[in-house]
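Chemist: Pasting a structure here, questions to come.
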Amino acid sequence: MQQTRPDLGAPASYTFPKPQRISVGGGTVVAIDVPGQQLASLRLVHPFGGAVEPLEAMGVSALTSEVLEDGPDGQSSLAPALERHGAEWISRVSWDGFITGLDAPTNRLGEAVHLFADAVRRPALKADDIVRRRDQLLERFWLDASSASTLAMRSLGGQLFTGRYATPLAGGPVKLADITPETVARFHADSIASVAGTLVVVGDLAGVDLEELGRTVFGDAAPAPERATTEPAPPPGELPRVLIVDRPGSVQSALVIAHRAPSRSQVDLPRAEGISEVLGGMFTSRLNMELRERLGYTYGAGSRFDLRRDSGVFFMSTQVEAGTTAHSVTSSLEQVNKLRAGGVTEDELSTVRESNTVGLPVSYSTARSMAGALVDMVVHDLPDDHVDRTRAGYEKLTAEDMNSAAVEYLRPEEAVVVVVGDARSLRGPLTETGVGPVEVRSPESLWS
């Protein structure tokens, strides 16, 4: 017997759980109780990401994050020690935050957190471990840079900023090599061990004493200092312009077209990210339909914003056959200009609304995803109802909102084009596009 598919009902509007906040000593615990969620996620947030590193110690936060995994006893002792409690270590650094944490069963959380606190506040920081981790990061830097797309992204900073952002987050191959064990120990003492931070906890917290967790993690550490933000200056040079990072003989090109954007606090997120999705954030986006489906130049093209506390970046990216590079650049810029001039369609508007609202219950169905949202709120000083505000912003988006966002947030006249590929064959065609002056650099010269 043939059955017909039932009609879909209207999706329910999602509401993000309201977090509980508790002041404990010099820090704050931010928690969400999720009954039945027996795997808890715990994150400790310090406001010391790569953006605030001194120029003579670029990469120290990334290196310190790696070294903490060596544990209170050194020699990579932390992971196996946590495994005895069913816990997994988490550590990462962004431009705006230093985040450590663990995922653990709620009935083992207390035991795991004591070990976590020792790892964060009282790590061994043995010189041999630090040098080993530094050498691994240096090796990984060039291994990752063997990917043309990674190299293109890492080349962007020096084209858009002066100061810290001109060098990749991990410090680059030159500055990172200069970091000594003493530099790491000093950074850890000043920025991690002595600063309480904010502790995020998500899971079934029925039997969890949050104040005790806070006392264990914070100890007698001091409150985090206020962080002043100053917009970094751009480098000199004409805009728009083209940088070719030379990879002789390459049959493909990785290209990124980017420009500076406002900071996270200055951006209307639904409008900005909505217009980015129309341009390059979905499979049916204009860049993908043009470069992949119509021209057949690539397997995929995309765009997105990278928003920080003091500035931001908007970029489009793809990889294409070398002979199509110049036309891929002009076609991408043409799609931006068409969107700015003609605005979005009703189908595009509807897709943006639905993709950012209907799936929210799934997006925040785990303790880890909720903890990630809370970390974002802490790092960027966002209100506790940030997720709900953003959802409401998407729900009420209009075509006029999106069209004004295209003009406000997409700035092709300020763009830099970074192409990683064979300079010998690319320089002429890219010059003929008339996008802007063309410069050729070797990868080794970018961060010297």
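A short reminder: the numbers here are calculations on the coordinates, not readings from a lab. In this text the structure is predicted, and so the values were computed from the model without any measurement. Please note: Cβ atoms are built from the backbone with ideal geometry, for glycine as well, and neighbour counts cover all protein chains shown.
Chemist: Here are some pairs, Lys126/Lys175; Lys175/Lys338; Lys338/Lys396; which of them have Cα atoms lying more than 32 Å apart in this structure? Write down the numbers at each step before the final one.
Modeler: Values: Lys126/Lys175 21 Å; Lys175/Lys338 42 Å; Lys338/Lys396 24 Å.
Beyond 32 Å between Cα atoms: Lys175/Lys338.
Chemist: Apply the Karplus curve 6.51 cos²θ - 1.76 cosθ + 1.60, θ = phi - 60°, to the phi angles in region 291-305 and return the couplings in whole Hz, x for Gly and Pro.
Modeler: Running phi through 6.51 cos²θ - 1.76 cosθ + 1.60 with θ = phi - 60° gives 6, 8, 6, 7, 8, x, 8, 8, 7, x, 9, x, 8, 6, 9 Hz.
Chemist: Could you list which residues have their amide H under 5 Å from that of Ala40, counting only those 5 or more apart in sequence or on another chain, with H placed in the peptide plane?
Modeler: Close amide H contacts, sequence-distant or interchain: Ala104, Thr106.
Chemist: Helix 423-432 versus the longest principal axis of the chain: what is the Cα-based angle in degrees, 0 to 90, to the nearest 10?
Modeler: On a 0 to 90 degree scale, this one is about 60.
Chemist: Search the structure for amide H atoms under 5 Å from the amide H of Arg247, placed 1.01 Å from N in the peptide plane, and list their residues when 5 or more places away or on another chain.
Modeler: Residues meeting the amide H criterion: Gly421, Asp422, Ala423.
Chemist: Go through region 187-192 residue by residue and turn each phi into a ³J(HN,Hα) via Karplus (6.51, -1.76, 1.60, θ = phi - 60°); whole Hz please, and just put x for glycine and proline.
Modeler: 4, 4, 5, 7, 10, 10
Chemist: Continuing with the same structure: Which order do Lys396, Lys338 fall in if you start with the one that has the fewest other Cβ atoms within 10 Å?
Modeler: Lys396, Lys338
Chemist: Near Met153, within a Cβ-to-Cβ distance under 13 Å, what is the net charge of the other residues, with Lys and Arg +1 and Asp and Glu -1?
Modeler: 0
Chemist: Can you tally the net charge around Glu290? Count Lys and Arg as +1, Asp and Glu as -1, for every other residue whose Cβ sits under 10 Å from the Cβ of Glu290.
Modeler: With Lys, Arg at +1 and Asp, Glu at -1, the net is +2.
Chemist: For Val251, Val440, Val378, which order do you get if you count the other beta carbons within 10 Å of each Cβ and list the fewest first?
Modeler: Neighbour counts put them in this order, fewest first: Val251, Val440, Val378.
Chemist: Continuing with the same structure: Work out from phi, with θ = phi - 60° and the Karplus expression 6.51 cos²θ - 1.76 cosθ + 1.60, the ³J(HN,Hα) of each residue of region 405-420, listed in order in whole Hz, and give x for Gly and Pro.
Modeler: 5, 4, 6, 6, 9, 9, 10, x, 5, 10, 7, 10, 10, 10, 10, 9
Chemist: From the C-alpha gyration tensor of the chain, pull out the three semi-axes of the equivalent ellipsoid (sqrt of 5λ each), sorted largest to smallest, in whole Å.
Modeler: In descending order, the three semi-axes are 38, 31, 19 Å.
Chemist: In Å, what Kirkwood hydrodynamic radius results for region 380-448 from the alpha-carbon pair distances?
Modeler: 16.6
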